1. Could you tell me which numbered condition GLY56 fails, if it satisfies all but one of (1) modelled with pLDDT of 90 or more; (2) of a type outside the set (Lys, Arg); (3) part of a helix (DSSP H, G or I)?
2. Listed residues SER149, SER134; which is among the polar types (S, T, N, Q), surrounded by 11 or more Cβ atoms within 10 Å (Cβ to Cβ) and either farther than 28 Å from PHE43 by Cα or under 17 Å from the mean Cα position of the chain (by Cα) (or both)?
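The values are calculated or read from the model by the stated rules, or taken from the named source; none is laboratory data. The structure presented is a predicted model; accordingly, all values stated were derived computationally and were not measured. With ideal geometry, Cβ positions are generated from the backbone for all residues, glycine too; neighbour counts draw on all protein chains shown.
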Amino acid sequence: MYFQYDTYYSTCRTMATTSTLEMALLGLLRGKPQSGYDLRKTFTMTAMSHYSDSPGSIYPALRRLESRGWILGLDPSGSSQEGGRRRQVFALTEAGKGALTAWLEQEVTAQDVRERSAELLLRFAFMDGSVPRSRVILFLDQLIAGLASQLDAMHAQFRDMSSRVPHLHTGLLAFEAGIRGLEAQLAWAQGARARLNDRE
């Protein structure tokens, strides 16, 4: 296990109030200690800017993670710093690894598929090296099932809406765009599942 089992339930309770930004920071710190500035650069230069590259968000999030014991402030040489100047470099603790693993291994729910597609992709991006390959496959299986179910519901809704609108309506076209986006996500998930399976 990546963390002590007797801390699992406590970790899950804390995660209920943890933001996606905080979990993204844990994922980025998993590889190596980084400064707040390094983390900001990653957010600025990648699609992760969606979660905020603002120092007004990132530094308070780092302080919250440190107060939970999920990250540890280090000096640039890698040793723990107790006082003096502000800590600038952060490393993941064992408790932080446990929190990250618990987040990654959460079940994919229908609500996740409807409302948190970006967070699901972020979880998937951090899975390598953090969870067993079997958990990655399970994640994709749950995602595929959720997307297929959501698509079935949207297709039915689209047919119903079409039958009640006498002419081509921009609202219908916008709804169709949402369907096409979900179809693309489903095709990607199925392809990713097949490619990972081929590597087993």
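1. (1)
2. Answer to the selection: SER149.
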